[in-house]
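Note sheet for the following structure.
What follows is calculated from the coordinates using simple rules that are stated; it is not laboratory data. Given the structure is predicted, the values throughout are model-derived calculations rather than measurements. Please note: Cβ atoms are built from the backbone with ideal geometry, for glycine as well, and neighbour counts cover all protein chains shown.
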Amino acid sequence: MKRALITGVTGQDGSYLSELLLSEGYEVHGVVRRSSTENFERIADLSGKIHLHQADLLDQLSIIDVIKETQPDEVYNLAAMSFVPTSWKQPVLTGEFTGIGVTRVLEAVKLLGRDRIKFYQASSSEMFGKVLEVPQTETTPFYPRSPYGVAKVYGHWITVNYRESYNMFCCSGILFNHESPRRGREFVTRKVTDGVARIKLGMAKTLKLGNLDSKRDWGFAGDYVRAMWLMLQQDKPDDYVVATGETHTVKRLVELAFDAVGLKWDKYVEIDSSLVRPAEVDLLIGDPTKAKTKLGWKPEVTFEQLVEMMVKADLARLQGQSIPDFKAKGI
Ligand code: NAP
Ligand code: F7E
């Protein structure tokens with residue numbers, strides 16, 4: 001039985017990846033950080049099926065201890081401060097978690113299993129920022145536009161560097177935006193689907209948003225964790241762009257979400273200039289050709305299906321119904 005260790009197991013991707021690995025017969029271990037209240041909502045269904053360990057990406061020894069204790073075959077480094085606006089408010093902390101934190105995990109892997117443990121780093125399309133090429137591929141130069149993007153560029157290159165310096169099996173997945181009913185409510189897709197459901201149910205009157213013109217390449221998180229796993233099943237480590245190859249504006253997202261409940265978006269949406277970012281990433285669109293040809297990966301859920309799935313899940317949750325089971329195919 002293979003053993004996997006996931007940092008960031010309580011996050012959106014950590015929960016989907018845990019389900020995938022369990023279905024593939026893995027023993028799954030997850031890193032959780034200590035807090036005064038437990039934040040295990042997304043992995044509540046996995047209680048008793050996965051093993052949780054306290055550690056923190058800020059604390060080198062805790063990462064070494066958890067790898068020593070769990071002896072994983074594969075380490076998925078998903079933990080990060082992942083909300084872009086917060087990275088302008090807490091740039092130093094973001095650098096520590098999202099950037100240097102990667103080195104801490106890599107150092108622990110190097111110390112305890114450099115020839116044996118495969119490593120996945122959760123890199124991001126935010127590294128492309130003010131894009132220098134459209135669509136973006138594995139060879140597109142980076143031009144990050146937020147402290148988060150800058151920290152992810154560091155995480156990407158340190159992963160490549162450990163692969164080249166120590167011949168370690170290290171992969172960087174450059175993932176474009178991926179969403180689901182488990183997405184944090186501050187991210188725009190979930191903010192919109194939750195807001196639309198509240199308006200439909202008479203629990204809110206308006207929805208405040210920032211830049212409606214920015215464009216993103218949005219996919220379904222359940223599809224994207226499969227790409228992470230596939231990267232570590234190859235003979236050689238490499239880096240891959242994971243995206244749908246389609247881009248949509250925030251405005252289109254809003255239209256689709258309101259359409260799903262039969263309402264007209266322009267009656268409810270208000271622009272709040274405080275939500276516009278100091279520097280924006282205007283046009284993200286990824287070219288997933290390498291992931292398609294080398295990993296045999298492709299997205300299964302379309303943008304329209306994703307928005308409808310998220311609106312339905314938020315309506316069900318707010319009405320106290322059980323949330324439909326939106327697991328990815330094969331999970
Ligand atoms: P998420 O829902 O925000 O989850 C982040 C996880 O990191 C949470 O489990 C969080 O724990 C944990 N964490 C944060 N700081 C930590 C620390 N100091 N020590 C240990 N754990 C810590 O993010 P996600 O959407 O699942 O994304 C997973 C990864 O992929 C992140 O690295 C993100 O930057 C990257 N990424 C995401 C996307 C996307 O569109 N979703 C795209 C590209 C890359 P708590 O629950 O305790 O807060
Ligand atoms: O913003 C615009 C906003 O916060 C998307 C993270 O997972 O994906 C995510 O980062 C767009 C931006 O995600 C609001 O200006 C308009 O252009 O959902 P978001 P993000 O910043 O793209 C990348 C790939 C990651 O790696 C990150 O970890 O939507 N937008 N109005 C808004 N965004 C938010 N959050 N809230 C608004 O009201």
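Looking across the range 70-88, the residues that are surrounded by fewer than 19 Cβ atoms within 10 Å (Cβ to Cβ) and either near ligand 1 (Cβ under 9 Å from one of its atoms) or at positive phi (or both) come down to Gln71, Phe83. Is at least one residue of the range 196-212 within 16 Å of ligand 1 (Cβ to nearest atom) and buried (at least 18 other Cβ atoms within 10 Å of the Cβ)? No, because not a single residue in the range 196-212 is within 16 Å of ligand 1 (Cβ to nearest atom) and buried (at least 18 other Cβ atoms within 10 Å of the Cβ). Checked against (1) part of a loop (DSSP other than H, G, I, E, B); (2) more than 16 Å from ligand 2 (Cβ to nearest atom), Glu138 passes all but a single condition, namely (2). Among the residues making up the range 24-56, a single one is under 25 Å from Gly113 (Cα atoms) and polar (S, T, N, Q): Gln54. Name the single residue that is nearest to Phe187 (Cα to Cα) among those in the range 1-52 being among the basic types (Lys, Arg) and in a loop (DSSP other than H, G, I, E, B). Filtering first and then ranking leaves Arg33. Annotation note: Cβ proximity below 8 Å between a residue of the range 300-312 that is part of a loop (DSSP other than H, G, I, E, B) and a residue that is charged (D, E, K, R) (sequence gap 6+ or interchain) occurs for Glu300/Asp223; Glu300/Lys329; Val301/Asp223. Restricting attention to the range 100-112, does a residue exist that is under 27 Å from Glu186 (Cα atoms) and either of a type in the set (Ser, Thr, Tyr) or within 13 Å of ligand 2 (Cβ to nearest atom) (or both)? The answer is no, given that none of the residues of the range 100-112 is under 27 Å from Glu186 (Cα atoms) and either of a type in the set (Ser, Thr, Tyr) or within 13 Å of ligand 2 (Cβ to nearest atom) (or both). Filtering Arg163, Arg145 for residues that are buried (at least 18 other Cβ atoms within 10 Å of the Cβ), away from ligand 2 (no atom under 15 Å from the Cβ) and basic (Lys, Arg) leaves a single hit, Arg163.
Within the bounds of the range 70-82, is there any residue that is in a helix (DSSP H, G or I), in contact with a Ser or Thr (Cβ under 8 Å, 6 or more places away or on another chain) and in contact (Cβ under 8 Å) with a residue 60 or more places away in the chain? Taking every residue of the range 70-82 in turn, none turns out to be in a helix (DSSP H, G or I), in contact with a Ser or Thr (Cβ under 8 Å, 6 or more places away or on another chain) and in contact (Cβ under 8 Å) with a residue 60 or more places away in the chain. Taking the criterion of being closer than 24 Å to Phe220 by Cβ, buried (at least 20 other Cβ atoms within 10 Å of the Cβ) and either within 18 Å of the chain's Cα centre (by Cα) or without any contact (Cβ under 8 Å) to a residue 12 or more places away in the chain (or both), the residues of the range 16-41 that qualify are Tyr16, Leu17, Ser18, Glu19, Leu20, Leu21, Gly30.
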